[in-house]
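Contents: one structure, followed by commentary.
The values are calculated or read from the model by the stated rules, or taken from the named source; none is laboratory data. None of these values were measured; they are calculated from a predicted model. Counting neighbours? That spans all protein chains shown, and the Cβs are built from the backbone with ideal geometry, glycine included. Ligands, DNA and RNA are stripped out before the accessible areas are found, and what is left, the full protein with its side chains, is counted by its heavy atoms. Shrake-Rupley method; radii C 1.70, N 1.55, O 1.52, S 1.80 Å.
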Amino acid sequence: MSGSVIDAAAWWSQTVPDQTAIDFDGDVVSYAQLGEWVDGVAAWLQDNGVTAGDRVGLVGANSLEWCVAALATWKAGAIVCGFNQRFVAGDLRPLIELCVPTVVLADVTHLDRVKDIVSRSTPFAVLSLKEVADARTRAHSPMPRPVVSAEDPTLIVFTSGTTGTPKGVVYTHGTIAGVVYEWSLAERVEPNGLRPLLALPLFSAAGVVWGLARSMVHGGTLYLQQQFDPPRALEILQKARITTLNGPPIIFEQIAAVPGFDEVMLDHVTTAWVGGSRVTSSLLERWRAQGVALRQMYGQTETGGGATVMPAGGALEKCGSGGMFTRIRVVDESGDDCPPDVTGEIIVRGPGVFPGYWCNPEATARALRAGWLYTGDLGSLDEDGVLTFIDRVGEIINSGGLKISPIEVEALIQQIPGVAEVAVFAVADPKFGETPAAIVSGEAEVDPTEVVAFCNERLADFKVPRYVILHTGPLPRMASGKINKRDLRATYCDAPQRFPRVR
(Lines give C-alpha, C1' and ligand atoms only; values in the text may rest on other atoms or scores of the structure.)
Protein backbone atom coordinates (compact mmCIF):
# COMPACT_ATOMS: atom_id res chain seq x y z
CA MET A 1 0.00 0.00 0.00
CA SER A 2 1.32 3.45 -0.90
CA GLY A 3 -1.23 5.55 0.99
CA SER A 4 -0.84 7.31 4.31
CA VAL A 5 -2.93 8.34 7.30
CA ILE A 6 -3.02 11.83 5.80
CA ASP A 7 -4.52 10.46 2.57
CA ALA A 8 -7.31 8.85 4.60
CA ALA A 9 -7.96 11.94 6.73
CA ALA A 10 -8.13 14.11 3.58
CA TRP A 11 -10.62 11.69 2.02
CA TRP A 12 -12.93 11.81 5.03
CA SER A 13 -12.68 15.60 5.32
CA GLN A 14 -14.18 15.78 1.83
CA THR A 15 -16.61 12.86 2.17
CA VAL A 16 -17.98 13.40 5.70
CA PRO A 17 -16.80 16.94 6.53
CA ASP A 18 -19.26 17.45 9.38
CA GLN A 19 -18.56 14.19 11.19
CA THR A 20 -16.70 14.46 14.46
CA ALA A 21 -13.10 13.34 14.02
CA ILE A 22 -11.94 13.78 17.63
CA ASP A 23 -13.94 14.35 20.79
CA PHE A 24 -11.55 15.45 23.53
CA ASP A 25 -13.83 14.99 26.52
CA GLY A 26 -16.47 17.26 25.00
CA ASP A 27 -14.20 19.51 22.93
CA VAL A 28 -15.19 18.44 19.43
CA VAL A 29 -13.50 18.94 16.06
CA SER A 30 -15.00 17.79 12.75
CA TYR A 31 -13.06 16.29 9.86
CA ALA A 32 -13.33 19.52 7.88
CA GLN A 33 -12.16 21.61 10.83
CA LEU A 34 -9.37 19.17 11.57
CA GLY A 35 -8.16 19.23 7.97
CA GLU A 36 -7.87 23.02 7.87
CA TRP A 37 -6.23 23.14 11.31
CA VAL A 38 -3.67 20.52 10.25
CA ASP A 39 -2.89 22.48 7.07
CA GLY A 40 -2.11 25.59 9.07
CA VAL A 41 0.14 23.80 11.56
CA ALA A 42 1.95 21.89 8.79
CA ALA A 43 2.76 25.19 7.06
CA TRP A 44 3.97 26.60 10.38
CA LEU A 45 6.25 23.59 10.89
CA GLN A 46 7.72 24.09 7.42
CA ASP A 47 8.31 27.75 8.23
CA ASN A 48 10.33 26.51 11.22
CA GLY A 49 12.60 24.38 9.06
CA VAL A 50 10.77 21.02 8.97
CA THR A 51 11.22 19.19 5.67
CA ALA A 52 10.32 15.71 4.44
CA GLY A 53 12.08 13.00 6.45
CA ASP A 54 12.87 15.26 9.42
CA ARG A 55 11.91 14.20 12.92
CA VAL A 56 9.43 16.20 14.97
CA GLY A 57 9.31 15.47 18.70
CA LEU A 58 6.16 15.76 20.81
CA VAL A 59 6.13 16.05 24.60
CA GLY A 60 2.85 16.54 26.40
CA ALA A 61 -0.25 15.01 27.86
CA ASN A 62 -3.06 13.76 25.61
CA SER A 63 -4.69 16.72 23.89
CA LEU A 64 -6.23 17.89 20.63
CA GLU A 65 -3.03 19.86 20.02
CA TRP A 66 -0.92 16.69 20.29
CA CYS A 67 -3.13 14.98 17.69
CA VAL A 68 -3.05 17.97 15.34
CA ALA A 69 0.72 18.35 15.68
CA ALA A 70 1.21 14.67 14.81
CA LEU A 71 -1.07 14.88 11.78
CA ALA A 72 0.60 18.14 10.69
CA THR A 73 4.00 16.46 10.95
CA TRP A 74 2.77 13.75 8.59
CA LYS A 75 1.26 16.40 6.29
CA ALA A 76 4.71 18.00 6.09
CA GLY A 77 6.19 14.59 5.16
CA ALA A 78 8.13 14.35 8.43
CA ILE A 79 8.41 11.66 11.12
CA VAL A 80 6.55 11.83 14.45
CA CYS A 81 8.57 11.03 17.59
CA GLY A 82 6.37 10.91 20.68
CA PHE A 83 8.16 11.17 24.03
CA ASN A 84 6.85 10.08 27.41
CA GLN A 85 5.72 13.26 29.13
CA ARG A 86 6.51 11.72 32.53
CA PHE A 87 10.21 11.52 31.69
CA VAL A 88 12.60 13.93 33.36
CA ALA A 89 15.31 15.68 31.33
CA GLY A 90 17.77 12.86 31.98
CA ASP A 91 15.35 10.34 30.48
CA LEU A 92 14.45 12.49 27.48
CA ARG A 93 17.97 13.54 26.52
CA PRO A 94 19.21 10.19 25.09
CA LEU A 95 15.98 9.72 23.13
CA ILE A 96 16.15 13.19 21.62
CA GLU A 97 19.83 12.74 20.81
CA LEU A 98 19.02 9.43 19.14
CA CYS A 99 16.34 10.72 16.77
CA VAL A 100 17.94 14.19 16.20
CA PRO A 101 14.71 16.18 15.76
CA THR A 102 14.49 19.40 13.80
CA VAL A 103 11.91 20.69 16.27
CA VAL A 104 10.34 19.49 19.51
CA LEU A 105 6.86 20.68 20.43
CA ALA A 106 6.01 20.69 24.12
CA ASP A 107 3.04 21.75 26.20
CA VAL A 108 3.50 24.51 28.76
CA THR A 109 4.25 22.02 31.54
CA HIS A 110 7.23 20.57 29.68
CA LEU A 111 8.70 23.55 27.80
CA ASP A 112 11.42 24.32 30.34
CA ARG A 113 12.37 20.66 30.59
CA VAL A 114 12.89 20.46 26.84
CA LYS A 115 14.74 23.79 26.68
CA ASP A 116 17.14 22.48 29.30
CA ILE A 117 18.02 19.61 26.98
CA VAL A 118 18.56 21.78 23.89
CA SER A 119 21.02 23.94 25.79
CA ARG A 120 23.25 20.94 26.45
CA SER A 121 22.99 18.80 23.31
CA THR A 122 22.41 18.88 19.56
CA PRO A 123 20.58 22.09 18.65
CA PHE A 124 16.91 21.91 17.71
CA ALA A 125 14.03 24.34 17.81
CA VAL A 126 11.64 24.23 20.76
CA LEU A 127 8.07 25.19 19.94
CA SER A 128 5.00 25.39 22.13
CA LEU A 129 1.88 23.30 21.61
CA LYS A 130 0.01 26.45 22.68
CA GLU A 131 0.84 27.88 19.26
CA VAL A 132 -0.82 24.83 17.74
CA ALA A 133 -3.89 25.57 19.84
CA ASP A 134 -3.89 29.22 18.75
CA ALA A 135 -3.89 28.18 15.08
CA ARG A 136 -7.30 26.54 15.52
CA THR A 137 -9.29 29.74 15.15
CA ARG A 138 -7.43 31.10 12.12
CA ALA A 139 -8.14 30.45 8.44
CA HIS A 140 -5.52 28.42 6.57
CA SER A 141 -4.80 27.69 2.95
CA PRO A 142 -4.91 24.06 1.79
CA MET A 143 -1.59 22.26 1.60
CA PRO A 144 -0.77 19.54 -0.93
CA ARG A 145 -0.45 16.04 0.48
CA PRO A 146 3.07 14.62 0.49
CA VAL A 147 3.88 11.87 -2.01
CA VAL A 148 5.13 8.92 0.01
CA SER A 149 6.05 5.29 -0.51
CA ALA A 150 5.07 2.40 1.71
CA GLU A 151 8.68 2.01 2.88
CA ASP A 152 9.10 5.60 4.09
CA PRO A 153 9.40 5.97 7.90
CA THR A 154 6.58 8.02 9.36
CA LEU A 155 6.67 7.31 13.11
CA ILE A 156 9.13 6.35 15.85
CA VAL A 157 7.66 4.80 18.98
CA PHE A 158 10.02 4.14 21.85
CA THR A 159 9.93 0.86 23.72
CA SER A 160 9.13 0.90 27.43
CA GLY A 161 12.78 0.36 28.32
CA THR A 162 12.16 -2.40 30.86
CA THR A 163 15.52 -3.96 29.98
CA GLY A 164 17.56 -0.77 29.49
CA THR A 165 17.48 2.43 27.43
CA PRO A 166 14.36 2.53 25.24
CA LYS A 167 14.85 1.73 21.56
CA GLY A 168 13.13 3.60 18.73
CA VAL A 169 10.75 1.32 16.84
CA VAL A 170 10.26 2.57 13.28
CA TYR A 171 6.82 2.49 11.65
CA THR A 172 6.47 3.05 7.93
CA HIS A 173 3.37 4.12 6.03
CA GLY A 174 3.05 0.49 4.97
CA THR A 175 3.33 -0.79 8.54
CA ILE A 176 0.47 1.38 9.78
CA ALA A 177 -1.70 0.65 6.74
CA GLY A 178 -1.01 -3.07 7.08
CA VAL A 179 -1.93 -3.17 10.77
CA VAL A 180 -5.18 -1.27 10.26
CA TYR A 181 -6.18 -3.21 7.14
CA GLU A 182 -5.45 -6.64 8.61
CA TRP A 183 -7.57 -6.12 11.71
CA SER A 184 -10.36 -4.39 9.80
CA LEU A 185 -10.93 -7.73 8.06
CA ALA A 186 -11.30 -9.56 11.36
CA GLU A 187 -13.20 -6.99 13.44
CA ARG A 188 -16.65 -5.55 12.81
CA VAL A 189 -15.83 -2.02 11.59
CA GLU A 190 -18.34 -0.10 9.49
CA PRO A 191 -17.18 2.95 7.50
CA ASN A 192 -17.29 5.95 9.86
CA GLY A 193 -18.54 3.64 12.62
CA LEU A 194 -15.36 3.15 14.64
CA ARG A 195 -15.61 4.85 18.06
CA PRO A 196 -12.58 4.06 20.22
CA LEU A 197 -12.19 5.38 23.75
CA LEU A 198 -8.52 6.19 24.36
CA ALA A 199 -7.17 6.86 27.83
CA LEU A 200 -3.68 5.48 27.20
CA PRO A 201 -0.97 8.01 26.25
CA LEU A 202 -0.77 9.16 22.65
CA PHE A 203 3.01 8.65 22.47
CA SER A 204 2.55 4.87 22.77
CA ALA A 205 1.64 2.51 19.92
CA ALA A 206 -1.73 2.00 21.60
CA GLY A 207 -2.29 5.75 21.37
CA VAL A 208 -0.84 7.05 18.12
CA VAL A 209 -1.39 3.91 16.00
CA TRP A 210 -4.43 2.15 17.45
CA GLY A 211 -6.09 5.35 18.59
CA LEU A 212 -5.26 8.30 16.31
CA ALA A 213 -4.10 6.64 13.08
CA ARG A 214 -6.69 3.87 13.11
CA SER A 215 -9.52 6.36 13.71
CA MET A 216 -8.36 8.55 10.84
CA VAL A 217 -8.06 5.61 8.41
CA HIS A 218 -11.56 4.35 9.23
CA GLY A 219 -13.11 7.81 9.31
CA GLY A 220 -14.21 7.12 12.86
CA THR A 221 -14.52 9.30 15.94
CA LEU A 222 -11.73 9.14 18.49
CA TYR A 223 -12.95 9.76 22.04
CA LEU A 224 -9.84 10.99 23.85
CA GLN A 225 -9.23 11.46 27.57
CA GLN A 226 -6.36 13.59 28.87
CA GLN A 227 -5.77 10.92 31.48
CA PHE A 228 -7.67 7.89 32.64
CA ASP A 229 -10.72 8.82 34.72
CA PRO A 230 -12.74 5.61 35.40
CA PRO A 231 -16.13 7.24 36.23
CA ARG A 232 -15.86 9.52 33.21
CA ALA A 233 -14.73 6.61 31.05
CA LEU A 234 -17.81 4.60 32.02
CA GLU A 235 -20.01 7.60 31.23
CA ILE A 236 -18.44 8.01 27.78
CA LEU A 237 -18.69 4.27 27.10
CA GLN A 238 -22.45 4.49 27.58
CA LYS A 239 -23.35 7.86 26.09
CA ALA A 240 -21.11 7.67 23.01
CA ARG A 241 -21.81 3.96 22.46
CA ILE A 242 -18.10 3.26 22.23
CA THR A 243 -17.17 0.32 19.98
CA THR A 244 -13.52 -0.18 20.96
CA LEU A 245 -11.73 -0.21 24.29
CA ASN A 246 -8.27 -1.77 24.44
CA GLY A 247 -5.64 -1.73 27.17
CA PRO A 248 -4.10 -3.50 30.15
CA PRO A 249 -6.34 -5.23 32.72
CA ILE A 250 -6.13 -2.28 35.13
CA ILE A 251 -8.25 -0.18 32.73
CA PHE A 252 -11.05 -2.72 32.83
CA GLU A 253 -10.64 -3.39 36.56
CA GLN A 254 -11.00 0.28 37.50
CA ILE A 255 -14.01 0.85 35.24
CA ALA A 256 -15.67 -2.26 36.70
CA ALA A 257 -15.10 -0.82 40.19
CA VAL A 258 -17.13 2.33 39.40
CA PRO A 259 -20.46 2.33 41.29
CA GLY A 260 -23.28 1.47 38.93
CA PHE A 261 -21.15 -0.58 36.52
CA ASP A 262 -23.31 -3.66 37.08
CA GLU A 263 -26.42 -1.71 36.04
CA VAL A 264 -25.32 -0.76 32.51
CA MET A 265 -25.34 -2.73 29.27
CA LEU A 266 -22.25 -2.24 27.07
CA ASP A 267 -22.85 -4.72 24.26
CA HIS A 268 -21.99 -2.01 21.69
CA VAL A 269 -18.32 -2.49 22.73
CA THR A 270 -17.49 -5.09 20.10
CA THR A 271 -13.69 -4.88 20.49
CA ALA A 272 -12.29 -5.22 24.00
CA TRP A 273 -8.71 -6.45 23.83
CA VAL A 274 -6.64 -6.90 26.98
CA GLY A 275 -2.85 -7.18 26.97
CA GLY A 276 0.17 -6.75 29.21
CA SER A 277 -0.87 -9.30 31.83
CA ARG A 278 -3.42 -12.05 32.27
CA VAL A 279 -7.11 -11.44 32.82
CA THR A 280 -8.66 -12.94 35.94
CA SER A 281 -11.77 -15.05 35.51
CA SER A 282 -13.67 -12.73 37.87
CA LEU A 283 -12.89 -9.69 35.67
CA LEU A 284 -13.92 -11.63 32.58
CA GLU A 285 -17.28 -12.48 34.14
CA ARG A 286 -17.89 -8.90 35.35
CA TRP A 287 -17.62 -7.59 31.79
CA ARG A 288 -19.35 -10.55 30.18
CA ALA A 289 -22.41 -9.82 32.35
CA GLN A 290 -22.53 -6.34 30.79
CA GLY A 291 -22.36 -7.73 27.26
CA VAL A 292 -18.61 -7.40 26.64
CA ALA A 293 -16.22 -10.25 25.87
CA LEU A 294 -12.74 -9.39 27.11
CA ARG A 295 -10.24 -11.01 24.78
CA GLN A 296 -6.63 -11.75 25.64
CA MET A 297 -4.17 -10.43 23.06
CA TYR A 298 -0.44 -10.68 22.44
CA GLY A 299 1.80 -8.13 20.82
CA GLN A 300 4.74 -5.77 21.13
CA THR A 301 5.56 -2.31 19.86
CA GLU A 302 7.70 -4.14 17.28
CA THR A 303 4.66 -6.07 15.96
CA GLY A 304 2.53 -2.98 15.43
CA GLY A 305 1.07 -3.29 18.90
CA GLY A 306 -1.02 -6.43 18.35
CA ALA A 307 -0.13 -9.71 16.68
CA THR A 308 -2.78 -12.09 18.01
CA VAL A 309 -6.12 -11.94 19.77
CA MET A 310 -8.51 -14.62 20.95
CA PRO A 311 -11.96 -14.82 19.39
CA ALA A 312 -14.84 -14.01 21.71
CA GLY A 313 -15.56 -17.02 23.87
CA GLY A 314 -12.05 -18.44 23.46
CA ALA A 315 -9.94 -19.90 26.24
CA LEU A 316 -9.05 -17.31 28.86
CA GLU A 317 -5.37 -18.19 29.12
CA LYS A 318 -4.71 -18.19 25.35
CA CYS A 319 -3.91 -15.28 23.05
CA GLY A 320 -5.15 -16.40 19.61
CA SER A 321 -3.39 -17.50 16.47
CA GLY A 322 -2.49 -14.26 14.72
CA GLY A 323 -4.18 -11.93 12.29
CA MET A 324 -5.18 -12.97 8.81
CA PHE A 325 -1.73 -12.21 7.37
CA THR A 326 0.35 -12.66 10.52
CA ARG A 327 2.17 -15.91 11.23
CA ILE A 328 3.23 -17.02 14.71
CA ARG A 329 5.85 -19.67 15.45
CA VAL A 330 7.42 -20.96 18.66
CA VAL A 331 11.02 -22.10 18.23
CA ASP A 332 13.79 -23.67 20.29
CA GLU A 333 17.32 -22.33 20.72
CA SER A 334 18.30 -23.81 17.33
CA GLY A 335 15.46 -21.99 15.57
CA ASP A 336 13.48 -25.19 14.98
CA ASP A 337 9.73 -25.27 15.60
CA CYS A 338 8.74 -26.65 18.99
CA PRO A 339 6.17 -29.46 19.18
CA PRO A 340 2.65 -28.52 20.37
CA ASP A 341 2.46 -27.33 23.98
CA VAL A 342 6.26 -27.10 24.32
CA THR A 343 7.64 -23.74 25.46
CA GLY A 344 9.99 -21.78 23.21
CA GLU A 345 10.60 -18.28 21.89
CA ILE A 346 7.73 -16.59 20.07
CA ILE A 347 8.63 -15.32 16.60
CA VAL A 348 6.31 -13.30 14.37
CA ARG A 349 6.04 -12.40 10.70
CA GLY A 350 3.36 -10.13 9.24
CA PRO A 351 2.38 -6.67 7.99
CA GLY A 352 2.72 -5.07 11.43
CA VAL A 353 6.30 -6.20 12.05
CA PHE A 354 8.64 -3.22 12.14
CA PRO A 355 11.52 -2.76 9.65
CA GLY A 356 14.07 -1.99 12.37
CA TYR A 357 15.15 0.21 15.26
CA TRP A 358 16.11 3.80 14.53
CA CYS A 359 19.90 4.12 14.18
CA ASN A 360 20.51 0.80 15.96
CA PRO A 361 21.61 -1.80 13.38
CA GLU A 362 22.98 -4.17 16.03
CA ALA A 363 19.67 -4.44 17.90
CA THR A 364 17.82 -4.69 14.57
CA ALA A 365 20.01 -7.62 13.48
CA ARG A 366 19.34 -9.43 16.76
CA ALA A 367 15.57 -8.93 16.51
CA LEU A 368 14.98 -9.51 12.77
CA ARG A 369 16.28 -12.72 11.25
CA ALA A 370 15.28 -14.07 7.85
CA GLY A 371 12.10 -12.00 7.88
CA TRP A 372 11.01 -13.08 11.39
CA LEU A 373 10.85 -10.96 14.52
CA TYR A 374 12.42 -12.78 17.46
CA THR A 375 10.36 -11.30 20.28
CA GLY A 376 12.30 -12.40 23.34
CA ASP A 377 9.02 -13.75 24.73
CA LEU A 378 8.29 -17.32 25.74
CA GLY A 379 5.13 -19.13 24.73
CA SER A 380 3.67 -22.33 23.33
CA LEU A 381 1.32 -23.23 20.51
CA ASP A 382 -1.34 -25.90 20.87
CA GLU A 383 -2.24 -28.37 18.12
CA ASP A 384 -4.48 -25.74 16.49
CA GLY A 385 -1.73 -23.12 16.45
CA VAL A 386 -3.25 -21.04 19.25
CA LEU A 387 -0.70 -19.15 21.34
CA THR A 388 -0.27 -19.22 25.11
CA PHE A 389 2.06 -16.49 26.37
CA ILE A 390 4.35 -17.65 29.18
CA ASP A 391 6.64 -14.75 30.04
CA ARG A 392 9.50 -12.55 28.89
CA VAL A 393 12.76 -14.48 28.48
CA GLY A 394 14.49 -12.01 30.79
CA GLU A 395 11.78 -12.32 33.44
CA ILE A 396 12.10 -16.07 33.93
CA ILE A 397 13.48 -16.97 37.38
CA ASN A 398 16.24 -19.62 37.42
CA SER A 399 16.11 -21.29 40.83
CA GLY A 400 18.75 -24.00 41.02
CA GLY A 401 18.32 -24.74 37.31
CA LEU A 402 14.52 -24.89 37.54
CA LYS A 403 12.64 -22.25 35.54
CA ILE A 404 9.78 -20.25 37.07
CA SER A 405 7.37 -17.96 35.23
CA PRO A 406 6.53 -14.91 37.38
CA ILE A 407 3.23 -14.53 35.51
CA GLU A 408 2.09 -17.98 36.66
CA VAL A 409 2.82 -17.11 40.29
CA GLU A 410 1.24 -13.66 39.99
CA ALA A 411 -1.96 -15.10 38.51
CA LEU A 412 -2.29 -17.41 41.50
CA ILE A 413 -1.58 -14.80 44.19
CA GLN A 414 -4.05 -12.45 42.50
CA GLN A 415 -6.79 -14.90 43.53
CA ILE A 416 -6.15 -14.38 47.25
CA PRO A 417 -8.83 -12.22 48.89
CA GLY A 418 -7.51 -8.76 49.73
CA VAL A 419 -4.73 -8.77 47.09
CA ALA A 420 -5.15 -5.82 44.74
CA GLU A 421 -1.87 -6.04 42.80
CA VAL A 422 1.16 -8.30 42.80
CA ALA A 423 4.53 -8.41 41.07
CA VAL A 424 6.89 -11.40 41.24
CA PHE A 425 10.58 -11.35 40.30
CA ALA A 426 13.88 -12.94 41.24
CA VAL A 427 16.01 -12.03 44.25
CA ALA A 428 19.32 -13.55 45.26
CA ASP A 429 19.37 -16.86 47.11
CA PRO A 430 22.58 -18.34 48.60
CA LYS A 431 21.58 -21.94 47.86
CA PHE A 432 19.69 -21.79 44.55
CA GLY A 433 21.03 -18.58 43.02
CA GLU A 434 17.57 -17.05 42.62
CA THR A 435 14.25 -17.40 44.36
CA PRO A 436 10.88 -15.66 43.79
CA ALA A 437 9.86 -12.58 45.74
CA ALA A 438 6.30 -11.27 45.66
CA ILE A 439 5.51 -7.58 46.11
CA VAL A 440 1.88 -7.31 47.18
CA SER A 441 -0.42 -4.31 47.36
CA GLY A 442 -3.58 -5.11 49.27
CA GLU A 443 -7.09 -3.75 49.43
CA ALA A 444 -6.99 -5.06 53.00
CA GLU A 445 -4.28 -6.36 55.32
CA VAL A 446 -2.58 -9.36 53.71
CA ASP A 447 -0.65 -11.88 55.82
CA PRO A 448 2.58 -13.00 54.08
CA THR A 449 2.43 -16.43 55.75
CA GLU A 450 -1.07 -16.96 54.34
CA VAL A 451 0.16 -16.02 50.86
CA VAL A 452 2.91 -18.64 51.08
CA ALA A 453 0.50 -21.23 52.51
CA PHE A 454 -1.93 -20.56 49.63
CA CYS A 455 0.89 -21.04 47.11
CA ASN A 456 2.22 -24.14 48.85
CA GLU A 457 -1.10 -25.89 48.26
CA ARG A 458 -1.20 -25.03 44.54
CA LEU A 459 2.38 -24.73 43.26
CA ALA A 460 5.49 -26.87 43.14
CA ASP A 461 7.62 -25.92 46.14
CA PHE A 462 10.41 -24.29 44.06
CA LYS A 463 7.86 -21.84 42.57
CA VAL A 464 6.58 -20.58 45.93
CA PRO A 465 7.76 -17.05 46.84
CA ARG A 466 10.05 -17.06 49.84
CA TYR A 467 9.76 -13.31 50.34
CA VAL A 468 6.34 -11.67 50.47
CA ILE A 469 6.64 -7.92 50.83
CA LEU A 470 3.67 -5.68 51.54
CA HIS A 471 3.81 -2.50 49.46
CA THR A 472 1.93 0.59 50.61
CA GLY A 473 -0.29 2.04 47.90
CA PRO A 474 -0.60 1.03 44.23
CA LEU A 475 2.36 -0.58 42.53
CA PRO A 476 4.26 1.72 40.13
CA ARG A 477 3.18 1.48 36.51
CA MET A 478 4.61 2.44 33.16
CA ALA A 479 2.72 4.55 30.64
CA SER A 480 1.42 1.37 28.99
CA GLY A 481 -0.34 0.44 32.22
CA LYS A 482 2.01 -2.46 32.95
CA ILE A 483 3.48 -2.77 36.43
CA ASN A 484 6.96 -1.25 36.44
CA LYS A 485 9.07 -4.17 37.63
CA ARG A 486 12.31 -2.35 36.88
CA ASP A 487 11.51 0.23 39.57
CA LEU A 488 10.35 -2.47 41.97
CA ARG A 489 13.54 -4.48 41.46
CA ALA A 490 15.60 -1.39 42.22
CA THR A 491 13.59 -0.75 45.38
CA TYR A 492 13.61 -4.34 46.64
CA CYS A 493 16.83 -5.76 45.18
CA ASP A 494 18.13 -6.25 48.74
CA ALA A 495 14.95 -7.94 49.96
CA PRO A 496 16.83 -10.92 51.47
CA GLN A 497 18.71 -8.50 53.74
CA ARG A 498 15.70 -6.38 54.68
CA PHE A 499 12.81 -8.80 54.98
CA PRO A 500 12.30 -12.17 56.68
CA ARG A 501 12.16 -15.31 54.60
CA VAL A 502 8.71 -16.88 54.78
CA ARG A 503 8.60 -20.69 54.93
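Cross-link reach is defined here as a Cα-Cα straight distance under 26 Å, omitting same-chain residues fewer than 8 places apart; for Lys463 the lysines meeting it are Lys318, Lys403, Lys431, Lys482, Lys485. The charge dipole of the range 322-394, taken about its Cα centre with unit charges on the Cβ of Lys, Arg, Asp and Glu (plus for the first two, minus for the last two), comes to roughly 480 debye.
Hey, for a label at Arg138 modelled as a point 7 Å past Cα toward Cβ, could you say which residues of the range 40-56 have their backbone N under 11 Å away? Counting only backbone N, you get 40-45. Karplus-based coupling profile of the range 75-91, in residue order and whole Hz: 5, 7, x, 9, 10, 7, 10, x, 10, 5, 6, 8, 5, 7, 4, x, 6, with θ = phi - 60° in 6.51 cos²θ - 1.76 cosθ + 1.60 and x standing for Gly or Pro. Convex hull volume of the C-alpha atoms in the range 1-159, normalised per residue: 117 Å³. Taking all protein chains together and a 1.4 Å probe, the residues Glu151, Glu182 rank Glu151, Glu182 from largest to smallest accessible area.
Cross-link partners for Lys239 among the aspartates and glutamates, with Cα-Cα distance under 17 Å and sequence neighbours closer than 8 places in the same chain left out: Asp23, Asp25, Asp27, Asp229, Asp262, Glu263, Asp267. Accessible surface ranking for Lys403, Lys485, 1.4 angstrom probe, highest first: Lys403, Lys485. Its residue count N sets the reference 2.2 N^0.38 Å, and the alpha-carbon radius of gyration of the range 340-452 equals 1.35 times that reference.
Of the residues Pro153, Ala89, Ala139, the one whose Cα sits farthest toward the positive end of the charge dipole of the range 77-163, with +1 on the Cβ of Lys and Arg and -1 on the Cβ of Asp and Glu, is Ala139. Taken over the Cα atoms of the range 253-317, the convex hull encloses 88 Å³ per residue. For the chain, relative contact order (Cα pairs under 8 Å, six or more residues apart, normalised by length) works out to 11 percent. Normalised by the number of residues in the range 267-374, the mean separation of alpha-carbon contacts (under 8 Å, six or more apart) gives a relative contact order of 18 percent. 3J(HN,Hα) along the range 57-68: x, 10, 10, x, 5, 3, 6, 4, 5, 4, 4, 5 Hz, from the Karplus curve 6.51 cos²θ - 1.76 cosθ + 1.60 with θ = phi - 60°, whole Hz, x for Gly and Pro. Across the range 180-186, computed HN-Hα scalar couplings (Karplus, 6.51 cos²θ - 1.76 cosθ + 1.60, θ = phi - 60°) run 5, 5, 4, 6, 5, 7, 9 Hz from first to last residue, x flagging Gly and Pro. Under 22 Å between alpha carbons, and skipping anything fewer than 8 positions from Lys115 in its own chain: which lysines qualify? Within the straight-line limit of under 22 Å, Lys115 reaches these lysines: Lys130. Relative to the Cα centre, the charge distribution of the chain, modelled as +1 at Lys and Arg Cβ and -1 at Asp and Glu Cβ, gives a dipole magnitude of about 640 debye. Per-residue packing, averaged as other Cβ atoms within 10 Å, sorts the ranges 135-147, 78-90 into the order 78-90, 135-147, beginning with the highest.
The angle separating the long axis of helix 5-15 from the principal Cα axis of greatest extent in the chain is about 60 degrees. A protection proxy built from the mean count of other Cβ atoms within 10 Å ranks the segments 107-114, 353-360, most packed first, as 353-360, 107-114. Start at zero, step by 5 Å, and the Cα-Cα distances of the range 209-250 spread as 5, 18, 31, 28, 14, 3 percent across the bins. Near the amide H of Gln296, within less than 5 Å, lie the amide hydrogens of Val274, Met310, all on another chain or at least 5 residues away, with H placed in the peptide plane.
Computed over the chain, the quotient of the alpha carbon radius of gyration and 2.2 N^0.38 Å is 0.98.
Antiparallel beta bridges, as assigned by DSSP with both residues in the chain, represent about 60 percent of the total such bridges. Ordered from largest to smallest accessible area (heavy atoms of protein chains, 1.4 Å probe), the residues Asp391, Asp91 come out as Asp91, Asp391. Taking a ≥ b ≥ c as the square roots of the eigenvalues of the Cα gyration tensor, an a/c ratio of 1.5 or more together with a/b larger than b/c marks the range 406-447 as prolate.
Here the Kirkwood formula puts the hydrodynamic radius of the range 396-503 at 13.8 Å, using every distinct Cα pair. Multiplying the residue separation of Glu131 and Ser184 by 0.36 nm and removing their Cα-Cα distance gives an extension gain of 15.5 nm.
Under the classification rounded if a/c is under 1.5, otherwise prolate if a/b is larger than b/c and oblate if not, where does the range 102-157 fall, given a ≥ b ≥ c as square roots of the Cα gyration tensor eigenvalues? The shape class here is oblate. Cα extents for the range 63-115 along the principal axes, largest to smallest and rounded to whole angstrom: 31, 23, 15.
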